[in-house]
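Laboratory data are not the source of any read-out in this text; all were calculated from the coordinates shown. Note that this is a predicted model, so its numbers are computed, not measured. Every residue, glycine as well, gets a Cβ built from its backbone with ideal geometry; the counts of neighbours run over all protein chains shown.
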Amino acid sequence: MYNTRVRGILIKGDKSYSDVSRDVLRPLDAKTPIWWWVTAGLAIIAMAWGSWGFYNTISTGIGTWGLNNNVAWGWAIINFVWWIGIGHAGTAFSIFLLILRQKWRTSINRAAEAMTIFAVMAAGLFPLLHMGRIWDGFFIFPYWNTRGPLWDNFNSPLFWDVVAISTYFMASALFWYVGMIPDFATIREKTASKIKRKIYGAMSFGWVGNAKSWLRFETAALLLGGMAAPLVVSVHSIVSMDFSVSVVPGWHTTIFPPYFVIGAIFSGFGMVLTLMIVLRKIYSFKDYVTDGHLDAITRILTFISLIMGTAYLTELFTAWYSGSEYELFTFLKNRVTGEYTFAYWTMIICNGMIPQLFWFKKIRKNITIVFIISIFINIGMWFERYVIVVTSLSKDFLPATWATYEPTITEVAAFVGTIGLFILGVLAFFRWIPTIAISEVKSVLKETTTLKSFTDEN
Amino acid sequence: MEKIYWQSLENYKENQASVLEKREPVPEFSIEGLDESEVKGKSSRRDFLKMLGFSVSAVALVSSCQMPVRKAIPLLNQPEELIPGIPNYFASSFFDGDDYCSILVKTRENRPIKIEGNDLSPLTKGGTNAKVQASVLNLYDDARLKNPYLNGNETTWQELDEEISAQLSQIKASGKKIVLLTSTIISPSTVALINEFLANNPHAQWVQFDPVSMAAMRKANDLNFGQPVIPNYNFAKANIIVGFNADYLGTWLMPTAFTKQYAANRKLNGGKRNMSRSYQFESTLSLTGSNADYRYGIKPSDEGVVLLNLYNLIAKSTGAETYPTEASPIDLNQVASDLLKNKGQSLVVSGTNDTGIQLIVNAINHQLTNYGKTIDLNTPINLKQGDHEAVEALVKEMNSGTVGGLLVYNVNPAYDYYQAEAFKSGMEKVGLKISFSDTMNETAKLCTAVCTNHNYLESWGDAEPIKGHRSIIQPAIRPIFNTRQFEDSLLAWMGSNIDFSSYMEKNWETEATDLGWFSGAFTQFWNQTKHDGVFSYPINTTEQPAFAAQPLKLTKPAGNGIELVLYEKIAIGTGKHTNNPWLLEMPDPITKATWDNYLCISSKYATEHGLALEDVVSVNGLFEIPVLIQPGQPDGTVALALGFGRTDAGKAGNNVGQNGFPLMNTVQGAPQLAGKVVTIEKVNGKTYPLALTQMHHDMEGRPIVRETTLPEYLQDPYSGNEQHLFDEKHNVTLYSKVQYDGLHWGMSIDLNSCTGCSNCVIACQAENNVAVIGKEQVRNRRIMHWMRIDRYYSRTEDNPEVYHMPVMCQHCDNAPCENVCPVAATNHSTEGLNQMAYNRCIGTRYCINNCPYKVRRFNWFEFTNNNKFDFNMNSELGKMVLNPDVTVRQRGVVEKCSLCVQRIQEKKLVAKMENRELREGEIKVACQQSCPADAIQFGNLLKKDSAVSLMVKEERMYHLLEHLHTLPSTSYLTKVRNTEA
């Protein structure tokens, strides 16, 4: 229809409105496929193992982990930051691309937001588990108590964390849910099953789709979006302050807030890429999540990767320029060379170098390679947190206290468990929720774009 | 439609009428408010659920909330001196056969909980060592026997005494010998009693045995002076101290007293401008060597050569006879000229049990006119009276079957005699074997009867470690078990009807009256002596005995092959306290290893033989043991600690490490620690884990331990501490300094005095209920000690310079830990303490990360009542050692040094009740109280003339990592080495 070489189209396949509804809702009404059961089974096994890890930790103590007097934070914090980073994609997609008027986001934002919710849930488990006395964990909330003038320490970044993450989770969940209301109504109308009709009807809050509803819906989405936008920046800035507020060489860095936010968006987009490639494959959504969409994401990743590389170099420069022997030791002797070379260079290669391959069109167009690189980004971002947490702590000020850290099976189990939780969440999302925002896609059905990613398609 | 219930037809009709006609409903509830079903005596399904719910929740509530029943029985007659919550102190003495120390025993509610140094003692002057500090835990050792034993079964004292008396008289009749084999006994009253016992039993003989003998020194003094004694040394008067394999700061003779003296002459505060210089020639890196200004590694076989060369250099200058010898491997001109410059103010000592070597040492000291000045033969040291020749003769006699009875007291030759196998086979041929052990140790196990002894904290006794210095041992607790002290057993068998305390008192009374030690009533004198714990009487002879020169010759053959050096660890010694978990877990001051012994090898040997830390080697095919590469280990030597490899020590000490005693060297019948040539073979592919508390030994050029040399210091007191001036100058902040009102607690540590002996580590552990966590967790780098001693090396690995630095919470005024705790569990007190609220802590461990000193400890597990940590806190008996003033920490909370806040509060309360200000020095924290080097000062920083303030004013003062602007309340004084610039 609009098939010209000048303007690219966002949704391929010449869809009509009802095609969109039918395509997106098809998997919801279909029989649960085998692959779903198999993956869910694996995820549950992972969760079972993770539950053992959690149980072991809570019943026996943090001693079941590989931490010690010097390295008091390890995998739990690494994984926490990693998950939170992944949890950035959804809101970043919806809000930032909305602000940047990137209409192609409509095909992806629903899945990205779902990912956010489950990633933040997985992340949130770690600070809980990480507490020495989880049964007294409620101390961290500022509440009136009978213990005299005992109040939280508002100076502590850990307290900021609690506030920032719970706010972010709440806002993201609301934003996600509100966006789904018209789609739930669509399901209610389309589904054959009576039970489903009742459930989705309730979930859509009796949406009727009149002009008034749409008006209010748009306003609510806008308000929530506006509220969530600063949160994207604040959450990971605050998480980064867990480190940058401290005196530990390698942590005490002013670059951390922007560096962490960018890193989070990087890992989030990486995970979105991984997920969307899977999603469009299994549900045949290639018309909605087109090669153009993937291409657009890879272009963004290339750019962020450059920022990441710059941040890594800036860190090294600052360490050198500071003249502090402790900083120099941590960065140059401990990370670049020395005991943690492997982790450091894995981080540099996976985050700073491999995504640069996206400069080549051939690589951008080869979905298999794109998928593999997206996995590398996830690994690289994990190692970035490993480098920050472990290398700084294990060799800090007094050499007499230097100690190495290796995770135990309990810590690995807890991590695998959260991966299981994330996957199970995503599977549930695939199964029972429209994975593409139907109403929003419909709004861009006739849209065209001059974006390179999409015009190249033709 | 309501159902109608009826009993008879009339009733039915009546009811029906009432329902239909009167339209009055049958009441659902009766007027009593009872349920219909209840009226009928049945319960409905709903009731059943109600009942079920109630009973389940009630049962759950009751069973889960029930507290264990703890019985507390009030005292019917409260003793006058016992006030719950108020400690009592008893003066006593520690003597384990090797080491002596005058102590105060702190008791709470009648149980000893802490050992403190006795300030009144002229010898130890309030100092202790780690073994002494830990000895209180021996009282609560589960391995202690609870009853006397006869033929392996528990028995009663009456039965035992009858049996033994019968057997003793039988042996008497048979004409066989009875031998009393004891450790060195320094108690005058016990010696009197033993002599009485020997007089009663003409066939009896008394043999004293030291696992590490110093008989050669007595023999040498016998030859030179006609007196078989160990002279008294005064390290405080010596400007030049030269040691040869004598770890006088660690394990040699009286380390606590010697450390006091040594440290006194090393202090530079208050404008003092001179300090002693110490040289150490040794075959393994000892604590003394690590503190020496000049240290030389020598092979044991070279010791004689070096000494004789040193003698020749001195003799050449004084014009005495010289002896031909091969050249010394070490240039001795500097040490010789230093010694000659300090005649009468120097000291040469050797710890080698070799008469030839001791004769050379005596000759050198004589040439330097040290006798009567730094060495006193008139007040000899009574320790180490063991006679290895007599022991050897005894073992022969035992094997030949001429010994009818063997009484073993305070020694364990089946373990620590170097020919233990011969001793054990000899024991089989002895009819009556009596042990006076308090545990079923290796020797006691082989005995017919075990007359279970008291712990020393339950015993009466006295001690005379040095002639003229007496001290008292008095019980601080009633015997916990059905035990009897050794002396009382002897008294019982002698048919005496008095106990040893009366015997001792009588003994003192006669002696004191004869020698005129008191005027007035004896009771008053006796009470005062018991109160002070120590008593000194004057020795009137001032003239030293004449020196009879002896020809000097070397008895040791020149070494070929790898020479083994056995040594005593600071914590473990000869293995008497190997079951003490505090001592097992104390990091060795040099190697920083816990829970094991290991073969120390030189780095050259390691490279040549491809050995790394934890690789296992076999020594003489006798046993396999892991290696530890020890900087400063001389080439051609390996070193092994004694005291390990015990098989019957108790649950903590059994089968820990390997027993080195069988590898003692013998030269002309004298057992020596060093010099045995051994073959070492690598066991390929086998490793054995070692638990070290420090893995990195280099300061990385950071200004952590700051040091200077004496000449530099005299030129510029800030030398070595320039960084402090720089940091002070560049210390800028936006915030005003914290203001304190009246009190600001601070601590100062003089790195020049600190020897690294680790007494403070154990003192702190005992005071603050610090948990023992076992080898595996130490290996995981989770040791709980609130106070640690960092040890660094510098210069070469062949002969490193060693630094000891005690580090505990620095109580920063700008503490990084405080502002990161989300729940404010760690915060700053108005007196400058960084305090921990354990029950507020949720264990985020952020404070641990953010503490640059890494002094915070996390309770990784529940360390109390946990079978996985089966140490004293998992035993009802062992828990009695806990200090009731200090919380036992729960799993999941962070803990750290509190600057003994309980001691501060206690004294503040006293001052408040007496309505006065706190006195200077009134509060002594645990590490400071018993420091044998007086390296730690504690007090109010706001008081200008307090000891700690004076230290802070020194030019040598600096704060650890002060450039971080943490503003610590703890300060350090730079280390000054007395070397040529």
* Overall dimensions of the range A:8-455 as given by Cα atoms, namely Rg and Dmax in Å -> 22.8, 71
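What GluC sites (Glu not before Pro) in the range B:58-159 are in a loop by DSSP, with at most 16 other Cβ atoms within 10 Å of the Cβ? Present the calculation step by step, with values, prior to reporting the outcome.
Values: sites: B:Glu80, B:Glu81, B:Glu109, B:Glu116, B:Glu154, B:Glu159; in loops: B:Glu80, B:Glu81, B:Glu109.
Those that pass, being in a loop and sparsely packed, are B:Glu80, B:Glu81, B:Glu109.
Any idea what the dipole of chain A comes to, in debye rounded to 20, about its Cα centre with Lys/Arg Cβ at +1 and Asp/Glu Cβ at -1? Don't skip to the end; give the middle numbers.
Values: 37 positive and 27 negative charges, 413 e Å.
Using only the charged Cβ atoms, the result is roughly 1980 debye.
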* Asked: Rg to Rh ratio, the range B:562-692, alpha-carbon atoms and Kirkwood radius?
  -> 0.95
* **Compactness index (Cα Rg / 2.2 N^0.38 Å), the protein assembly as shown** => 1.14
* Over the Cα atoms of the range B:761-850, compute the convex hull volume and normalise it per residue, giving Å³. => 158
* In vacuo Debye scattering of the range B:908-956, one point per C-alpha: log10 I(q)/I(0) at q = 0.16, 0.20, 0.23, 0.26 Å⁻¹? -> -0.52, -0.75, -0.90, -1.01
* Asked: Roughly how many whole Å is it from the C-alpha centroid of the range B:810-848 to that of the range B:385-419?
  -> 58
* Label-point separation, A:Lys198 to B:Ser317 (7 Å along Cα→Cβ), nm -> 10.8
* Could you state the angle between the C-alpha long axis of helix B:303-318 and the longest principal axis of the C-alpha atoms of chain B, as a value from 0 to 90 degrees rounded to the nearest 10? => 50
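What is the projected area of the convex hull of the Cα atoms of the range B:225-321, averaged over all directions, in nm²?
Value for the range B:225-321: 7.9 nm².
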* **Crossing angle, helix B:901-913 versus chain B [Cα axis fit, 0-90 degrees, rounded to tens]** => 80
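May I ask you to compute the full-extension gain from A:Leu332 to A:Ile409, defined as 0.36 nm times their residue separation minus their alpha-carbon distance, rounded to one decimal in nm? If you can, show how the numbers build up before the last one.
On the way: separation 77, 0.36 × 77 = 27.72 nm, distance 3.06 nm.
Length difference between fully extended and current span is 24.7 nm.
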* Please figure out what share of the DSSP beta bridges in the range B:562-692 is antiparallel and state it in percent, rounded to the nearest 5. => 70
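Rounded to a whole number of µm²/s, how large is the Stokes-Einstein D of the range B:835-948 at 10 °C and 1.306 mPa s, given Rh as the Kirkwood radius over C-alpha pairs? Spell out each step's value before the answer.
Values: Rh = 16.8 Å.
The diffusion coefficient I find is 95 µm²/s.
Ratio of the range A:97-171's C-alpha Rg to 2.2 N^0.38 Å, to two decimals? Could you put the intermediate results ahead of the total?
On the way: Rg = 17.3 Å, N = 75, 2.2 N^0.38 = 11.3 Å.
Cα Rg divided by the expected 2.2 N^0.38 Å: 1.53.
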* **Part-to-part distance (alpha-carbon centres) for the range A:407-428 and the range B:516-589, which is given in Å** => 62
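Past the 50 angstrom mark, what percentage of all C-alpha to C-alpha distances in chain B do you count? Working shown, then result.
Working: 129188 of 480690 pairs.
So the portion of pairs separated by more than 50 Å is 27 percent.
Per the Cauchy relation, a quarter of the hull surface: what is the mean projected area of the convex hull of the alpha carbons in the range A:335-458, in nm²? It would help to have the intermediate numbers written out before the result.
Working: hull surface 48.8 nm².
Mean orientational projected area (the range A:335-458, Cα hull): 12.2 nm².
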* **Antiparallel DSSP beta bridges within the range B:370-475, as percent of all bridges there, nearest 5** => 40
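How high is the FRET efficiency between B:Glu797 and B:His730 when r is their beta carbon distance and R₀ equals 41 Å, given to the nearest 0.05?
Values: r = 35 Å, r/R0 = 0.86.
E between B:Glu797 and B:His730, to the nearest 0.05, is 0.70.
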* Asked: From the residues B:Asn234, B:Thr322, B:Tyr248, which one has its Cα farthest along the dipole of the range B:215-381 in the positive direction, the dipole being from +1 and -1 charges on Cβ of Lys/Arg and Asp/Glu about the Cα centre?
  -> B:Asn234
* Structure fact -> Candidate cut points under chymotrypsin sites (Phe, Trp or Tyr not before Pro) in the range A:250-353, DSSP loop plus at most 13 other Cβ atoms within 10 Å of their own Cβ, are none
* **Computed label-point distance, nm, for sites B:Glu509 and A:Trp52 using a 7 Å Cα→Cβ extension** => 7.5
* What does the helix-only formula give at 222 nm for the protein assembly as shown: each DSSP H stretch with n ≥ 4 adding -39500 (n - 2.57), the total divided by the residues, and the result rounded to the nearest 500 deg cm²/dmol? -> -12000 deg cm²/dmol
* Which shape class applies to the range B:215-381: rounded if a/c is under 1.5, otherwise prolate when a/b exceeds b/c and oblate if not, where a ≥ b ≥ c are the square roots of the Cα gyration tensor eigenvalues? -> rounded
* **Mean separation of Cα contacts under 8 Å, 6 or more apart, over the residue count of the range B:562-692: relative contact order %** => 36
* Asked: Given R₀ = 25 Å, FRET efficiency for B:Thr979-B:Lys343 by Cβ-Cβ distance, to 0.05?
  -> 0.70
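Given the protein assembly as shown, what percent of its DSSP beta bridges are antiparallel, to the nearest 5?
Taking every DSSP beta bridge with both residues in the protein assembly as shown, the antiparallel ones total about 60 percent.
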* **Using a Förster distance of 22 Å, the FRET efficiency for B:Asn153-B:Asp870 (Cβ separation, nearest 0.05)** => 0.25
* Give me the angle, in degrees from 0 to 90, between the Cα long axis of helix B:388-400 and the longest principal axis of the Cα atoms of chain B, rounded to the nearest 10. => 70
* To do: Send over the per residue convex hull volume for the range B:472-573, Cα only, as a whole number of Å³.
  => 295
* **Sequence-separation-based contact order of chain A, relative, with Cα cut under 8 Å and 6+ spacing, percent** => 36
* To do: Take the alpha-carbon centre of the range B:684-743, take the same for the range B:606-633, and report the distance between them in whole Å.
  => 33
* **Hypothetical label at B:Leu613: residues of the range B:643-673 whose amide nitrogen lies under 20 Å (7 Å Cα-Cβ projection)** => B:657-658
* To do: Express the relative contact order of chain B as a whole percentage, based on alpha carbon pairs under 8 Å and six or more residues apart in sequence.
  => 14
* For the pair A:Phe360 and A:Leu215, how long in nm is the line joining their label points, each one 7 Å along Cα→Cβ? -> 5.6
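If eta is 1.306 mPa s and T is 10 °C, what Stokes-Einstein diffusion coefficient results for the range A:386-458, Kirkwood Rh from Cα pairs, in µm²/s? Intermediate results must be reported in sequence, preceding the final value.
Working: Rh = 17.8 Å.
The estimated diffusion coefficient comes to 89 µm²/s.
Which of the GluC sites (Glu not before Pro) found in the range B:791-834 are in a DSSP loop and have at most 16 neighbouring Cβ atoms, other than their own, within 10 Å? Can you show the working numbers first?
Working: sites: B:Glu797, B:Glu801, B:Glu818, B:Glu831; in loops: B:Glu797, B:Glu831.
Of the GluC sites (Glu not before Pro), the ones in loops of the range B:791-834 whose Cβ has at most 16 other Cβ atoms within 10 Å are B:Glu797.
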